[in-house]
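Okay, structure first, notes after.
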Amino acid sequence: MATKTTATALNRILDPLSRSLSVEAARAIIALEIDQALQDRIEELADRCNEGRLTPEERAEYEGYVEGAEILALLKLKARRLLGGCGVA
């Protein structure tokens, strides 16, 4: 999982992108969802992680999904803030 420092850095890196979003793009980002097959895989890896049974390859895969989910969540937050600030929810 990202540390606070990493999250802050990522937030700063994504600021220019979020400032350039149109209302339509912001809505599209908010609507993004992880497909069910991928969600199932993430849950499988999470269970194996909690049980201490991940292989090194699975750990790398799982960490990649976690990082990707954190980026998506941050983008969605920025999109929601943009829409809220525009008075267009």
**Request:** Would you mind getting the accessible area per residue of the chain, heavy atoms of the protein chains only, 1.4 Å probe, in Å²?
**Result:** 69 Å²
**Message:** Checking a compactness column here: for the chain, what do you get for Rg(Cα) / (2.2 N^0.38 Å), N being the number of residues?
**Reply:** 1.29
**Item:** Stokes-Einstein translational diffusion, the range 41-89 - Kirkwood Rh over all Cα pairs, 1.306 mPa s, 10 °C, in µm²/s
**Value:** 127 µm²/s
**Relative contact order of the chain, defined on C-alpha pairs under 8 angstrom at six or more residues apart (%)** = 51 percent
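Which net charge results for the neighbourhood of residue 21, defined as the other residues with beta-carbon distances under 13 angstrom from its beta-carbon, given Lys and Arg at +1 and Asp and Glu at -1? If you can, show how the numbers build up before the last one.
Values: positive: 19, 27, 76, 78, 80, 81; negative: 15, 24.
Net local charge, residue 21 excluded: +4.
The values are calculated or read from the model by the stated rules, or taken from the named source; none is laboratory data. Nothing here was measured: the structure is a model prediction, and the numbers come from that model. Please note: Cβ atoms are built from the backbone with ideal geometry, for glycine as well, and neighbour counts cover all protein chains shown. The protein model used for the area step is the full one, side chains on, heavy atoms only, and it has no ligands, DNA or RNA in it. Shrake-Rupley method; radii C 1.70, N 1.55, O 1.52, S 1.80 Å.
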